[in-house]
1. Rounded to the nearest 5, what % of the DSSP beta bridges within region 171-292 are antiparallel ones?
2. Using the alpha-carbon centroid of each, what span in Å lies between region 79-139 and region 272-309?
3. Once you compute Rg and the Kirkwood Rh from C-alpha atoms, what is the Rg to Rh ratio for region 83-228?
4. Comparing 220, 271, 284, which has the greatest mean-square fluctuation in the GNM of the chain with Cα pairs linked when under 10 Å apart?
5. Between helix 296-310 and the chain, what is the angle of the helix's C-alpha long axis to the longest principal axis, kept within 0 to 90° and rounded to the nearest 10?
6. Once every DSSP H run of n ≥ 4 in the chain is given -39500 (n - 2.57) and the sum is divided by its residues, what mean residue ellipticity at 222 nm do you get, rounded to the nearest 500 deg cm²/dmol?
7. Students often check this: by mean Cβ neighbours within 10 Å, which of 252-263, 87-98 ranks highest, and how do the rest follow?
8. Using only the Cα atoms of the chain, build the gyration tensor, take square roots of its eigenvalues as a ≥ b ≥ c, and label the shape rounded, prolate or oblate: rounded if a/c is under 1.5, else prolate if a/b is larger than b/c, else oblate.
Ligand code: UDP
């Protein structure tokens, strides 16, 4: 098959492109390199089945493919808050452009990578897909959260109105090789700080939690979703192992040495920073026969090995 991966030079996108090439598919990688990196696809460009389309997804485009994975959007708070209006445009216009392409091609499957951020600062824990979320529509995270929520709306409206075969997954915190050095997210930040002999910057008292999924598990989940006949979603994809940010810092220090620095701003005062997050993955387990295989310690070791080669 010929498969379009938008955001294919990004962190998860580049792993997905490599996975699909390994499966023998032709891959078209669309990226404008706003947060994607050329180094992530360096090893793929020589593959005759790989094609790079340098393009901004907010502008319509045309390519003949059999399936679409839509990953194009900056996903780190540091990046998506840099240009919030563009973040909304990327999610919303990007969704319309991939859905219109699917329609033009006669209704090819199109998978939307949504996010755990649609749950906002959740009042239900862990979060099942039936939870409608607690998002502040005017907060600093809203450009991402509401953009992704609107993209889900568009996917379901195109499904109802035009019978487009859609697939919607909600990705929880994911980590691994190919994260940008300046990505700003907690796993890459802590590893880099420890490798550079800097203090690990824990926000507040570090009591807030996240659940961390290794990237190869995430790619397997995306692929399982695309393959699953008639499964529309939304379906949570993530690793339900839940850790406080302080515990994560301690794990990295145990592996690499270093000191932890707690900053003065209490966690509850960090605007929009969700206090806790953990996916309920019952649907993914039952409908996709999918679950994460790599637990945090093993995944951290693999990620540390990668960062040692690029620092
Ligand atoms: N965080 C932290 N130190 C850092 C980066 C992040 O304590 O250097 C915290 C951040 O406040 C948040 C959690 O780690 O509570 C996860 O942040 P990240 O930006 O990785 O992802 P998200 O908030 O989107 O889940």
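1. 35 percent
2. 20 Å
3. Here Rg/Rh amounts to 1.00.
4. 271
5. That helix lies at roughly 90 degrees to the long axis.
6. Per the formula, -11500 deg cm²/dmol.
7. Ranking, from highest mean packing down: 87-98, 252-263.
8. prolate
Coordinate-derived values only; no laboratory data. Here the structure is a predicted model, which means the values were calculated and not measured. Positions of Cβ are generated from backbone atoms using ideal geometry, with glycine treated the same way; all protein chains shown enter the neighbour counts.
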